[in-house]
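**Student:** Mind looking over this structure? Questions follow.
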Amino acid sequence: MGDATTSVEQLIFSISFIPILYKCQLSSNCYSFQKPEIDLLTFPSSWNLLYFPSDPPPLTLKIALFVKKWPQRSHAGGLERHALNLHLALAKRGHQVHSFTTSSPNTSFPNLVFHLSEPTVGGYLNQTVVWSQFRTQNSTGTPFDIVHTESAGLMHAQAKDVTNLAVTWHGIAYESIHSDIIQELLREPEEQQAAMVTKKIMRVVEEVRFFPRYSHHVATSDHAGDILKRIYMIPEEQPELSLGNELKHELGIPQNGSLILGMSGRLVKDKGHPLIFQALKEIFMENNRFQQTVVLVIAGDGPWGARYKDIGANILVLGPLGRADLAKFYNAIDIFVHPTFRGQGLDQTPLEAILSGKPVMATRVASLTGSVIVGPELGYTFSPTVKSLKKTLYRVWNDGKVVLEKKGKAARQRGCI
C-alpha cells in the first residue's frame, strides 16, 4: 500500500532462497555442525535480490532511512536485512541515501551516509537526536524526496507531519496475539500461563490510534495488509483524480471529452518512439475523427520530442516533470503507452502507471507480458511493428474510457498485491 502517485524508483523483488551451507565434521559418535562466520555486507547473494534496468534512473532521489541498527556481519534479523538489501541497491543506482541508525559498517559505500546516535536503554533510536539530525540534513541542500522508516524507527510523534514518509511494518501487535493463542494451545499443564494477552490487546488499541499518523504504509504480507485495512482502519490509497483534472485544465483538454494517451521517459529510439510516431502519423492521415478525439501527452525529453510536434497539435510534449507534476500526468491520462524495443529489465514507468490506476499498452516483450500485462483484463500488447501498433491503438480507441477505467482498476489491484 505505497504511494500511488509519487514518482519513485519502483523496486522489483525476486525472492530466491539461498541455502547457507554448514561444514559437517564426523566425530567418533555423532555429527557436529560448524556454522561459518558470514559477513552480510559482502555475502555474494541475498534473500531479496533487486533487479533494476540498466538505464540510469530518470531522477536522482535523496532518501532518508530510519532503522534501529544496521547489520553487523551475521547479526541481523529480517528487518535489518531488508534495510540493507533495499537501500544498498538504491545507493548503487545513484540515489543519495542517509541512514539514521545506531551503528554502521566498517566499510564505506558510495552514496550511503550514516548519521549515528546512541540507542536508548530499550535499544531504540533516540528520537530527539535522530529528529534533530534529520532536520539538519533536510535543510541542507535539497530536502528529502522520500523518508522511509523500518517499522517505528521514527516514532509517530515525529512522523505525523512528514507527508512523503512510508513505513514498512515488519510486525504488528495484532499478529503477535495470534501467536500467543497458538502457544497457549500448545502449553503443557505444568507450564505457567502467560499473562501478556491483556497487555498486548491494549498495545493493539494503541497502534490503531497512532498508525494513521504515518502517511504511507507498506505491509510485508497480504495478511498483514488485510489487518492494516480491516483492523487498523488504514484506508487504501486511491488515485487522485483532482490532480488529473488540474493538468487537463492547464493544457486546455476537455474534462470528459478526448481520450488521453500518455507516454513518459527518455524520448529516444530504443524506447520505441519511431514506432509510435509512424503509427500515429498514418492514423491521423487516414482517420480524421481519431485525430480529433485523441490527445497524446508526453512527459520527458530527448531527440524525438521536437518531431512529435510536427504531426499534430493534439500531441503535447511537456518535457521533464518533477514528482508533483508527474502525479498530475498519471492521473490525467486514460492509458499509458510503452512501445519500448528493449526486452531486458523492467522499466519503472509502466509500474508507475498501474499504481496510479491506469492500464498499459506495451510492446509484447517477456519482461512486460510476464510481470505487468499478464492478461487482457490488465491492458494491451502489440508486436513491434507499425501494423500491430495501429491495430492496438484503434482497439483502445474503440474500447473507450469505460473499458480503460475497468482495466486500470484491475491493473492497480494487481500492482498493489
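**Student:** Considering only residues of the range 293-317 that are in contact (Cβ under 8 Å) with a residue 12 or more places away in the chain and open to solvent by 50 Å² or more (accessible area, probe 1.4 Å), which is farthest from Gly257 (Cα to Cα)?
**Tutor:** Among those that are in contact (Cβ under 8 Å) with a residue 12 or more places away in the chain and open to solvent by 50 Å² or more (accessible area, probe 1.4 Å), it is Pro303.
**Student:** Another question, then. Taking the range 53-79 on its own, how many of its residues are modelled with pLDDT under 70 and either of a type in the set (Phe, Trp, Tyr) or exposed (fewer than 15 other Cβ atoms within 10 Å of the Cβ) (or both)?
**Tutor:** Here the count works out to 3.
**Student:** Within the range 291-316, how many residues turn out to be of a type outside the set (Val, Ile, Thr), in a loop (DSSP other than H, G, I, E, B) and either outside the structural domain of Phe336 (by the TED database) or under 23 Å from Arg395 (Cβ atoms) (or both)?
**Tutor:** Total meeting the criteria: 2.
**Student:** Sticking with this one: Are any of the residues in the range 210-230 closer than 22 Å to Glu352 by Cα, open to solvent by less than 20 Å² (accessible area, probe 1.4 Å) and over 23 Å from the mean Cα position of the chain (by Cα)?
**Tutor:** No, every residue in the range 210-230 fails to be closer than 22 Å to Glu352 by Cα, open to solvent by less than 20 Å² (accessible area, probe 1.4 Å) and over 23 Å from the mean Cα position of the chain (by Cα).
**Student:** Just to be sure I understand, how many residues within the range 256-290 are farther than 25 Å from Gly322 by Cα, open to solvent by 50 Å² or more (accessible area, probe 1.4 Å) and assigned to a helix (DSSP H, G or I)?
**Tutor:** 7
**Student:** Please go through the range 327-339 and give me each residue that is farther than 16 Å from Val295 by Cβ and surrounded by fewer than 24 Cβ atoms within 10 Å (Cβ to Cβ), ordered by number.
**Tutor:** Hit for the range 327-339 is Pro339, nothing else.
**Student:** Examine the range 318-326 for a residue that is of a type in the set (Asp, Glu), open to solvent by 30 Å² or more (accessible area, probe 1.4 Å) and either farther than 21 Å from Lys269 by Cα or under 28 Å from the mean Cα position of the chain (by Cα) (or both), and state whether such a residue exists.
**Tutor:** Within the range 318-326, one or more residues are of a type in the set (Asp, Glu), open to solvent by 30 Å² or more (accessible area, probe 1.4 Å) and either farther than 21 Å from Lys269 by Cα or under 28 Å from the mean Cα position of the chain (by Cα) (or both).
**Student:** Look at Pro339 and say whether it is touching a helix residue (DSSP H, G or I) at 6+ places or on another chain (Cβ under 6 Å), closer than 13 Å to Gly415 by Cβ and of a type outside the set (Ser, Thr, Tyr).
**Tutor:** In short, no.
**Student:** So Ile253 clears everything in (1) open to solvent by 20 Å² or more (accessible area, probe 1.4 Å); (2) over 20 Å from the mean Cα position of the chain (by Cα) except one condition, right? Which one?
**Tutor:** Evaluating Ile253 over (1) open to solvent by 20 Å² or more (accessible area, probe 1.4 Å); (2) over 20 Å from the mean Cα position of the chain (by Cα) leaves (1) as the failure.
**Student:** Same structure again: Can you spot a residue in the range 113-133 that is modelled with pLDDT of 90 or more, farther than 26 Å from Gly322 by Cβ, within 24 Å of the chain's Cα centre (by Cα) and of a type in the set (A, V, I, L, M, F, W, C)?
**Tutor:** Yes, the range 113-133 has at least one match.
**Student:** For residues in the range 189-204 being in contact (Cβ under 8 Å) with a residue 12 or more places away in the chain and not in a helix (DSSP H, G or I), which is nearest to Asp222 (Cα to Cα)?
**Tutor:** The extreme case among them is Met196.
**Student:** Report yes if some residue within the range 397-411 is under 20 Å from the mean Cα position of the chain (by Cα), small (Gly, Ala, Ser) and at pLDDT 90 or above; otherwise report no.
**Tutor:** Looking for residues that are under 20 Å from the mean Cα position of the chain (by Cα), small (Gly, Ala, Ser) and at pLDDT 90 or above, one finds at least one in the range 397-411, hence yes.
**Student:** State which residue is most open to solvent (accessible area, probe 1.4 Å) when the search covers only the range 360-370 and only residues that are hydroxyl-bearing (Ser, Thr, Tyr) and more than 16 Å from Leu393 (Cβ to Cβ).
**Tutor:** Result: Thr369.
**Student:** Okay, next question. Take the residues in the range 237-250 that are open to solvent by 80 Å² or more (accessible area, probe 1.4 Å) and part of a loop (DSSP other than H, G, I, E, B), then tell me which one is modelled with the lowest pLDDT.
**Tutor:** Ranking the candidates gives Gln238 first.
**Student:** May I ask you to verify whether Val268 is farther than 26 Å from Val130 by Cα and not assigned by the TED database to the domain that holds Thr128?
**Tutor:** yes
**Student:** Has the range 349-359 got at least one residue that is open to solvent by less than 20 Å² (accessible area, probe 1.4 Å), assigned by the TED database to the domain that holds Asp399, closer than 16 Å to Asp270 by Cβ and not in a helix (DSSP H, G or I)?
**Tutor:** no
**Student:** As an exercise: evaluate Ser221 against (1) more than 27 Å from Pro57 (Cα to Cα); (2) modelled with pLDDT of 90 or more and give the number of the one condition it does not meet.
**Tutor:** Every condition holds for Ser221 apart from (2).
The values are calculated or read from the model by the stated rules, or taken from the named source; none is laboratory data. Computed from a predicted structure; not experimentally measured. Cβ: placed from backbone, ideal geometry, glycine included. Neighbour counts: every protein chain shown. When the accessible area is computed, the model is the full protein with side chains, heavy atoms only, and any ligands, DNA or RNA have been set aside. Shrake-Rupley method; radii C 1.70, N 1.55, O 1.52, S 1.80 Å.
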